[in-house]
Structure formats: C-alpha cells, structure tokens
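The values are calculated or read from the model by the stated rules, or taken from the named source; none is laboratory data. What you see is a predicted model, and the numbers here were worked out from it, not measured in a lab. Note: ideal-geometry Cβ built from the backbone for every residue, glycine included; neighbour counts use all protein chains shown.
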Amino acid sequence: MSTIAFIGLGNMGGPMAANLLKAGHAVRGFDLSREAGDRLVGQGGTMAATVAEAVHGAEVVVSMLPAGQHVREVYSGEGGVIGAAAPGALFIDCSTIDVDSARAVAEAAETAGFAMLDAPVSGGVGGAEAGTLTFMVGGPQAALERARPLLEVMGKAVVHAGGPGNGQAAKICNNMILGISMIAVGEAFTLARRLGLSDQALFDISSKASGQCWSLTTYCPVPGPVPTSPANRDYQPGFSAAMMLKDLKLAQEAAARAGAATPLGASAESLYALFVNAGQGGKDFSGIIRMLDGES
Ligand code: NAD
C-alpha cells in the first residue's frame, strides 16, 4: 500500500483515484473544485487544502490536469509539488500537455532530485472508470518500474515511449492519426452516399479492403455497421470534439517547433475548429461527419 497524492480529480482523475483507493492505497487529493473533493472523500480518500499539504509525506504524486500551464504551476509554482514533496517521492503526470512543458517540468524535478514520468492516457472516461486505460510513458525506465504497479491498477496497458516528454509525443502523434483518419472515413461515407452506395455496402467492402482502419471498423462514424460506436447514440462522447481539437492543436504547435511538415494534421485541426466553433465541441469527435455531410 502506498500513500498517493492525487492532484486534479475531474472527469478522468476522479475515477483513476477511485481505482487506487479500491486497490487499497491511501489517496490524499487536491483540486480547485469542491465537488471533485467531496466525491473523493465519499470514496474513502482525504482532501488537502493546498498542493503542499497533499504531497507532504506522500510516496507518489499523480496529477491529471487540463493543460501545460496547470502542470507547470502545480509542480514548479510557489508552494508546488517540487518544493513540498518528500525526498524520494515519484511524480507521475497523466495530463495531456505540450511536450515542452512536460520536458521542462521533468527537468526541474530531476534537478531537485525527483524522478518524474509523463504518462498521458488513451481510453477516455470509460477507460478511467473501468481501469482499462493505456499509458504512454516518457521518462527513466527505473521510474517506470516503480510506477508500473500503480499504472496497472488504473490501466491495462503501459507502453514505454522513451525519455522525458516522449509519452506526450506519442499521444499527440497517435491522436493526429486518429483525427485525420476520422475525417478521411467521414469524407468517404459522404462521397459514397452521393454516389448511391449505402453506408453498409461501403463498410462491408472497406473494412476488408485497404481502407480498413480503427476509425472505420471500431468507431464507425455512421449508425448501423458498428453498434457500439457513438454514431448510434447521437454522437454522445466517447471522446469529445473539443478534446480532439486540443490534441490536434498540441500536435501543430509541436510540429511548428520541430520543423515537421504535417499538412493533413493542419487541415484536421482547421476542420475540428470549425466543428467546435459551430457549437459541437461536446459531441463525440466522430460527429464531424455531420459537418462534412452538410448536416450541421
Ligand atoms: P477535467 O476538466 O474534468 O478535470 C481537470 C481537473 O483539474 C478539474 O477538476 C479542475 O478543477 C482541476 N484543476 C485545474 N487546475 C488545477 C490546479 N491548479 N490545481 C488543482 N486542480 C486543478 O478534465 P479531464 O477530462 O479529467 O482531463 C484531464 C486531462 O486528461 C486533460 O489533460 C485531458 O486532455 C486528458 N484526457 C482526457 C480524456 C477524456 O476523455 N476526458 C481522455 C484522455 C486524456
């Protein structure tokens, strides 16, 4: 049993912390939201009034925060994790953030004598609740081996992507593929309909042909062919379009700084921005087919 400080108990962090509690760990949380804190206390955890109080004496610090600025502030700001944690504590940031922030915070932690991992996840709220997340981990191998038993409580797959920041790099590259491929599949259904081909016919053929991909066969954006996909429940997420736009923006920022040409990633970002600005950010990202098909 470990004493774990958990910072950021929102849609993802809340259920992740709940799974750590269920596995018998002691969890002391901190969140700006009172409601998030009450939920953790109801599940058997305790809440701290500050970041410093949460991490005091904890063996492991896990964070699940919205963006890079929050992670920088929580770790490196005044009264932050790095200044208040017990010697030898392990830091695991599971937020999806920019690669530069992840590397900067990991370096500050290392300079202060702490091991830190960036460990963003895929699997969404459903995966967080079920404890079936996939963790993409950047940071030292030895730190990953220390973290692994906890990550395996919250997830089903743990993949080491390399040094600090590489977990974030893997996450945004993967989601850039996903954003582009969902638009490709959406455009194909839109064209097929105009050409008199039924959704099911295109699915039956492309799912066995070279157009086969996850966006088609697991997460099909039209109702019918894959009964579990969000298209069958009016595009309730799942993975929201707003979250997809966030990840595509991170990919474009990283591409600009790294000098990588990603023109389809840039187009996908523009199209998701249009969709979100049309008020559809709360819909599942596969709902972009409605915009492509002229429905929204
Ligand atoms: P959320 O907004 O529900 O939760 C974030 C929590 O952080 C909130 O409770 C907020 O009060 C808290 N917070 C913000 N600033 C804080 C601070 N300075 N100190 C303490 N607490 C603070 O967001 P979420 O959906 O849980 O997402 C968290 C992260 O996980 C994001 O980086 C997101 O991109 C990533 N992610 C989300 C999903 C998803 O499906 N929701 C999937 C994969 C990854």
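Taking the stated definitions as given, is GLN236 farther than 28 Å from GLY68 by Cα and not in a helix (DSSP H, G or I)?
Values: farther than 28 Å from GLY68 by Cα: no; not in a helix (DSSP H, G or I): yes.
It is false that GLN236 is farther than 28 Å from GLY68 by Cα and not in a helix (DSSP H, G or I).
Of the residues making up segment 1-37, those that are at pLDDT below 95 and more than 20 Å from VAL74 (Cα to Cα) number 2. In the set (1) farther than 30 Å from LYS249 by Cβ; (2) assigned to a loop (DSSP other than H, G, I, E, B); (3) out of contact with any strand residue (DSSP E or B) (no Cβ under 8 Å at 6 or more places or on another chain), MET1 fails one condition alone, (3). Do we find that LEU32 is within 8 Å of the ligand (Cβ to nearest atom), assigned to a loop (DSSP other than H, G, I, E, B), farther than 19 Å from ALA128 by Cα and not polar (S, T, N, Q) in this structure? Criteria met by LEU32.
I'm trying to understand the selection: among the residues of segment 275-296, which are of a type in the set (A, V, I, L, M, F, W, C) and over 22 Å from the mean Cα position of the chain (by Cα)? Outline the logic, then answer.
Our first condition is that a residue be of a type in the set (A, V, I, L, M, F, W, C); within segment 275-296, this holds for 275-276, 278, 285, 288-289, 291-292.
Answer for segment 275-296, where residues must be of a type in the set (A, V, I, L, M, F, W, C) and over 22 Å from the mean Cα position of the chain (by Cα): ALA278, ILE289, MET291, LEU292.
Considering only segment 91-114, I want to know if a residue exists there that is at pLDDT below 95 and at positive phi. Quick ask: steps written out before the conclusion?
So the first thing to find is which residues in segment 91-114 are at pLDDT below 95, and the list is none.
Checked segment 91-114: no residue is at pLDDT below 95 and at positive phi.
Inspection of segment 42-65 identifies at least one residue that is under 21 Å from LYS171 (Cβ atoms), assigned to a loop (DSSP other than H, G, I, E, B), within 11 Å of the ligand (Cβ to nearest atom) and assigned by TED's automatic domain parsing to the domain that holds ALA128.
What are the pairs, 6+ residues apart or on separate chains, where a residue within segment 233-251 that is more than 12 Å from ILE288 (Cα to Cα) has its Cβ under 9 Å from a residue that is within 12 Å of the ligand (Cβ to nearest atom) and of a type in the set (Lys, Arg)? Close Cβ pairs satisfying both conditions: ASP247/LYS171; LEU250/LYS171. Identification of strands (runs of 3 or more DSSP E) wholly contained in segment 67-185 with 2 or more residues that are closer than 18 Å to ASN11 by Cα, within 15 Å of the ligand (Cβ to nearest atom) and under 15 Å from the mean Cα position of the chain (by Cα) yields 90-93, 133-138.
Residue pairs whose Cβ atoms lie under 6 Å apart, separated by 6 or more positions or on different chains, with the first residue in segment 253-265 and surrounded by 16 or more Cβ atoms within 10 Å (Cβ to Cβ) and the second of a type outside the set (D, E, K, R) and assigned to a loop (DSSP other than H, G, I, E, B), are ALA255/THR262.
Go over the candidates LEU250, LEU274 one by one and state the one that is surrounded by fewer than 16 Cβ atoms within 10 Å (Cβ to Cβ), farther than 19 Å from TYR219 by Cβ, in contact with a helix residue (DSSP H, G or I) (Cβ under 9 Å, 6 or more places away or on another chain) and at pLDDT 95 or above. Going through LEU250, LEU274 in turn, just one is surrounded by fewer than 16 Cβ atoms within 10 Å (Cβ to Cβ), farther than 19 Å from TYR219 by Cβ, in contact with a helix residue (DSSP H, G or I) (Cβ under 9 Å, 6 or more places away or on another chain) and at pLDDT 95 or above: LEU274.
If you go through segment 244-289 and keep only what is more than 24 Å from SER101 (Cα to Cα) and aliphatic (A, V, I, L, M), you end up with LEU264, LEU271, LEU274, VAL276, ALA278, ILE288, ILE289.
Which ones in segment 225-242 are at pLDDT 95 or above and among the aromatic types (Phe, Trp, Tyr)? Answer for segment 225-242, where residues must be at pLDDT 95 or above and among the aromatic types (Phe, Trp, Tyr): just TYR235. The set of residues in segment 7-27 being out of contact with any strand residue (DSSP E or B) (no Cβ under 6 Å at 6 or more places or on another chain), outside any helix (DSSP H, G or I) and of a type outside the set (Gly, Ala, Ser) consists of ASN11, MET12.
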